[in-house]
Every structure is written in C-alpha cells, then in structure tokens.
Amino acid sequence: FLIQIPSTPLESNASGNVLENISVLWKDKLFGWMILAYIILGTGQTMVVPIRIEYMASPIYGLNATNTQITFINVFIQGLSIVVSTKIWGYIFDKFHFVTTRLLINACFIIHFLTFFTSKNLVILSLSAMVNGFALAGAMIVWQLWVTKVADKERVPAYMSAHSFTNGLK
C-alpha cells in the first residue's frame with residue numbers, strides 16, 4: 001500500500017526553524033484549534049483503554065468478564081474492525097472535507113463511549129468495540145495525513161513539525 005502512494009523526497013531545508021514551525025500553532029487558528037482538539041481527544045482515548053478493561057473485569061460493575069472475553073472484545077474485534085475499515089477511511093479522507101471527516105471520527109468515538117460504558121451486554125460491548133475500531137482506523141489515517149489538508153503544500157513540513165512536537169508533549 002505504501003508503494004502506491006505518490007511522493008517525492010523533500011529538500012533538507014524545507015522544514016525551517018523549529019521555533020518558527022511551532023508558531024504556526026497560534027498563527028493558523030484552525031490548525032491550532034485542531035491540535036488542541038487532538039490533544040484532548042487523544043489523551044481521553046488513551047486514558048479509556050485501562051478503564052474499559054477494568055469495567056469489564058471488575059465484579060463491581062456487574063460484568064465480571066473473563067480474560068478471554070475481555071481480550072476478544074478489546075483486541076480481536078476492535079483490531080479486526082481497524083483492519084477492515086482502513087480502506088473506507090482512506091476513501092472518506094480523500095473525498096470529504098477534513099473537518100467533516102474529523103467530526104465523523106469523533107462522533108464514532110462518542111457513540112463508543114456512550115454504548116460501552118452504559119451496557120452490561122457482551123454483544124453490545126462487542127458492537128461498541130467495532131465502532132471504536134472503526135473510529136481508531138479513521139483516527140490513524142487522519143492523524144498521519146491531516147496536515148496535508150490544512151497546510152499549503154510548501155508549508156506541510158513546518159506544520160508536520162509542529163504537529164509532531166505537540167504529540168510529543170501529549
């Protein structure tokens with residue numbers, strides 16, 4: 001799949017000064033707000049991973065799922081959903097406006113959070129894990145490529161530098 005992506009090598013001086021690149025965060029309002037949203041959503045998504053397992057495993061919440069059930073739902077079903085839906089998200093990323101695509105991904109995450117933590121039914125939890133995997137596939141594609149949608153072609157390296165910097169902070 002990677003070989004099929006058309007690309008040309010960047011010039012070594014294309015990325016510019018690091019401090020200048022970081023200033024893009026407040027000079028370009030859309031970019032800055034999107035970075036902030038990524039930090040908040042990404043931190044929340046990371047924090048929820050152990051909570052999902054605790055929710056399913058602990059008898060306090062009424063599920064008391066086995067290790068096999070927890071692994072099947074949170075690893076296998078979610079992972080399969082990521083693999084199956086990656087091509088769909090590639091199409092969506094290419095055809096729709098970036099903000100619309102990001103909002104669709106966020107809506108899937110919200111649906112997952114609401115359905116997962118309000119259900120005690122393993123089938124509903126499995127469907128919720130599928131929705132989360134679907135959202136994660138979109139998030140992975142968009143996370144890697146979104147800068148190309150908001151930056152001018154010649155400024156993509158600078159924007160990507162700021163994006164990588166903030167991810168390191170997160």
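So if the hydrodynamic radius of the stretch 56-97 is defined as the Kirkwood radius over C-alpha pairs, what does Stokes-Einstein give as its diffusion coefficient at 25 °C and 0.890 mPa s, in µm² per second?
Estimated via Stokes-Einstein, D reaches 200 µm²/s.
Could you compute the FRET efficiency for Gln4 and Lys27, with r as their C-beta to C-beta distance and R0 at 22 Å, rounded to 0.05?
That gives a FRET efficiency of 0.05.
I need to check one value: relative contact order of the chain, counting alpha carbon pairs closer than 8 Å and at least 6 residues apart, in percent.
Here the relative contact order equals 33 percent.
Given the protein chains as shown and a 1.4 Å probe, how many square angstrom of Ile88 are accessible, to the nearest 10?
80
Just to confirm, what accessible area per residue do you get for the chain at 1.4 Å probe, in whole Å²?
62
Provide the descending list of Cα extents for the chain along its principal axes, expressed in whole angstroms.
56, 32, 25
Using a probe of 1.4 angstrom, how much of the accessible area of the stretch 26-70 is carbon and sulfur, in percent?
72
With springs only between Cα atoms under 10 Å apart, run a GNM on the chain and tell me which of Ile70, Ile111, Ile60 wobbles the most.
Looking only at Ile70, Ile111, Ile60, the biggest GNM fluctuation is shown by Ile60.
Considering only C-alpha atoms, what is the centroid distance from the stretch 34-66 to the stretch 94-155, in Å?
15
Near Lys27, which lysines are there with a Cα under 22 Å away, not counting those fewer than 8 places off in the same chain?
Straight-distance partners of Lys27: Lys149, Lys153, Lys170.
With everything on Cα atoms, drop me the angle between helix 78-95 and the longest principal axis of the chain, reported from 0 to 90° to the nearest 10.
Rounded to the nearest ten degrees, it is 40.
The values are calculated or read from the model by the stated rules, or taken from the named source; none is laboratory data. Small disclaimer: the values here were computed from a predicted structure and weren't measured. With ideal geometry, Cβ positions are generated from the backbone for all residues, glycine too; neighbour counts draw on all protein chains shown. Note: areas computed on protein heavy atoms with side chains; ligands, DNA, RNA excluded. Shrake-Rupley method; radii C 1.70, N 1.55, O 1.52, S 1.80 Å.
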